[in-house]
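Working notes, structure below.
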Amino acid sequence: MTVSHAQRRVGVSVVATLSLLAGALVIGMPSAQAESVPSGRAALEGTKPAWATGAADQGATPDSAQINARVYLAGRDPKALDAYATAVSDPQSASYGKYLTPHQAQERFGATQAQIEAVTKWLRSSGLTVTGTNRHYISVSGNAAAARTAFATSLHDYRKEGRTYRAPQQAVSAPGTLADAVLTVTGLDNAPHRATPRDTLPGPGAGFRNSGPYSTYYGSNVAGTLPDAYGTKLPYAIHGYTGKQLRAAYGAGNYTGKGVTVAITDAYASPTMANDAAEYAKHNGDRAYRKGQYTEVLPASYTSVDDCGASGWYGEESLDVEAVHALAPDADIVYVGGASCNDPDLLDALNKVVDNRLADIVSNSWADLEGSETPDGAAAYDQTFKLGAVEGIGFYFSSGDDGDEVASSGKKQIESPGNSAWVTAVGGTSLAVGKGDKYQFETGWGTQKALLAADGKSWANLPGAFNGGAGGGTSSTVKQPFYQRGIVPDALAKANGPTRMRTVPDIAAVADPNTGFLVGQTQSWPDGSVKYDEYRIGGTSLAAPVIAGIQALAQQARHFPIGFANPSIYARYNSPLYHDVTDQPLGAGRDLAVARVDFANGVDASGGLVTSVRSLGKDSTLHAVRGYDDVTGVGTPAPGYVTSYGFPFLR
């Protein structure tokens, strides 16, 4: 991803090291690019986008075109960083849990002052202006002519999806003497890679309310006056689960997340977040926030406010904060806001967490399509995730809300950064919590929607069109990491060819907005008022903070940071510690659905009501089955999962 988008000793075996390194992004440079690099220079692989082809070439970018780029620093020893991040994360390693402080990580793996000075001198001598320097990158500005001098490649304009974007004509290169100092360069390609919040309901710019009737728990209110569907009367959609119900469903027990800090990163920041969170806790039986329990780390200013729909991120932030507190009521929460929804600003927010070790767990409910990701951007993100791993920080990303993405993009694919081998991708389910907060079942989240016919006696075109579902599938760029070997079936791992690739998600939790979570937020209403209200919401942007909250409980049980959790998550696979979620939990042929009534205008009944049937477990071409699957990963946490971290896990 480029400019604009939207987580002691080394004692690791060679096998383990190479295994996780095999999960690195596939950024091998075509030989034609390698041959074009001038003598005495080193190619920076993956810096020419795949879409910058000869057939799409529209000619040279004018020399006067202005460029803003980042030159990311490789640090002292990138291979050693890979090895150490593996060692401290793998329960089978002698170095498991031997984390470094941010200072130790910088001293051991960060760029040296000599490297920074040498790279800075090269960039300035090429005619570029250095606009900023930190431990991760050097930002520069200048024109296309200066960029050509610095990086030994011309910039050309290329057609992509009906629009024209700038990109390097050949692979970017650096002087050979600096080959060990430069990781990659971003910003020369200006195609959009903008993250979007992964919720499924409108944001807070305009008010939103759910209509009724509802169920307070699954099946508590059956739609007796509506037509049957799938051979039975349907329960109404949940009003919105509360923390008490979700904690019971996922086996929280008496753990509260005490002593653990969870960071949440999103773009921008809701000006009413602290008050909304306190109001929500009071309304819904959650523990009141103690002084200093919720804090914010925000940028000095914001950019791309219109392009990113800044206010639309406030609902995402509200969901993330309130869900984490509901699941882990004693955990500290730090909200780290990005200056925009663009890659550089979101990455800066993540780097703040790592550089200052602001948290143990980082929940991220935003993403972009893998097809929009470029290897240079992926390399920059992965470096941050690996530095987090050596400090004992785990990153959790929602897997997406559009199933296999065919309906939204025309291509079967997954999302990034959840495709990284160094993060935990969180999938989604439809959750049934019954009377007395008893767990009943889960299906993979996948919805087909059919409207009530005009005569009120049937459902039009049942089962209806695909309406959303948990993201998942097989990466086309990231090889299979060691922790998935022998667990992910080859039918999934090799879905794109003979090489086993990274498959997502890793784990899952409730995401279906029809069995979703109640969230509270200050919104603007048609009568001109601005006031707090509550509504049901879903998406894998619910699942990610739910899992982050559960991991906070598990870390409390462990009395020590879990860090990058995937090796531990997969070590517990095929055990009673997970609910093994399937699409038909009540048996073959037992399709499930709920009835839902919505305000047509999203606010009140003045515009009429819309009644629909929403199926459960119908996720595009993805299926939740026995064992690992591409909707729910290894499954959802069951009673015993949290406490299993309190002692060495043995099968």
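The values are calculated or read from the model by the stated rules, or taken from the named source; none is laboratory data. Please read all numbers here as calculations on a predicted model, not as lab measurements. Glycine also receives a Cβ, built like all others from the backbone with ideal geometry; neighbour counts cover every protein chain displayed. Calculation scope for accessible area: heavy atoms of the full protein, side chains included, ligands and nucleic acids excluded. Shrake-Rupley method; radii C 1.70, N 1.55, O 1.52, S 1.80 Å.
Numbers below:
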item: Qualifying residue in segment 529-538 (condition: more than 25 Å from PRO197 (Cβ to Cβ) and open to solvent by 10 Å² or more (accessible area, probe 1.4 Å)); result: no
item: Out of VAL354, VAL324, VAL334, sole residue that is farther than 30 Å from VAL140 by Cβ, assigned to a helix (DSSP H, G or I) and β-branched (Val, Ile, Thr); result: VAL324
item: Flag if ALA69 is at pLDDT below 95, open to solvent by less than 10 Å² (accessible area, probe 1.4 Å) and within 28 Å of ALA367 (Cβ to Cβ); result: no
item: Selected residue (criterion: modelled with the lowest pLDDT) from residues of segment 243-269 that are surrounded by 22 or more Cβ atoms within 10 Å (Cβ to Cβ) and part of a loop (DSSP other than H, G, I, E, B); result: TYR268
item: Search result, residues across segment 485-497 that are open to solvent by 60 Å² or more (accessible area, probe 1.4 Å) and part of a helix (DSSP H, G or I); result: ASP490, ALA491
item: Selection within segment 403-431 - under 21 Å from ASP512 (Cα atoms) and of a type in the set (Val, Ile, Thr); result: VAL406, ILE414, THR424, VAL426, THR429
item: Positions within segment 618-651 being under 10 Å from VAL581 (Cβ atoms) and touching a Phe, Trp or Tyr at 6+ places or on another chain (Cβ under 8 Å), in sequence order; result: VAL631, VAL634, GLY635, THR636
item: Filter result (over 17 Å from ALA323 (Cα atoms) and either surrounded by fewer than 12 Cβ atoms within 10 Å (Cβ to Cβ) or touching an Asp or Glu at 6+ places or on another chain (Cβ under 8 Å) (or both)) within segment 273-301; result: LYS291, GLY292, PRO299, ALA300, SER301
item: Any hit, segment 522-529, residues being of a type in the set (A, V, I, L, M, F, W, C) and within 18 Å of the chain's Cα centre (by Cα); result: no
item: First in segment 306-327 and closer than 17 Å to THR256 by Cα, second anywhere and of a type outside the set (D, E, K, R) and open to solvent by 10 Å² or more (accessible area, probe 1.4 Å), Cβ under 8 Å, 6 or more apart; result: VAL321/TYR294; HIS325/TYR289; HIS325/TYR294; ALA326/THR242; ALA326/ASN284
item: From the options GLY602, GLY640, GLY627, residue that is under 30 Å from GLU391 (Cβ atoms) and either open to solvent by less than 40 Å² (accessible area, probe 1.4 Å) or in a strand (DSSP E or B) (or both); result: GLY640
item: Identity of the residue in segment 605-616, open to solvent by 10 Å² or more (accessible area, probe 1.4 Å) and either closer than 24 Å to TYR578 by Cα or hydroxyl-bearing (Ser, Thr, Tyr) (or both), that ends up nearest to the chain's Cα centre (by Cα); result: THR611
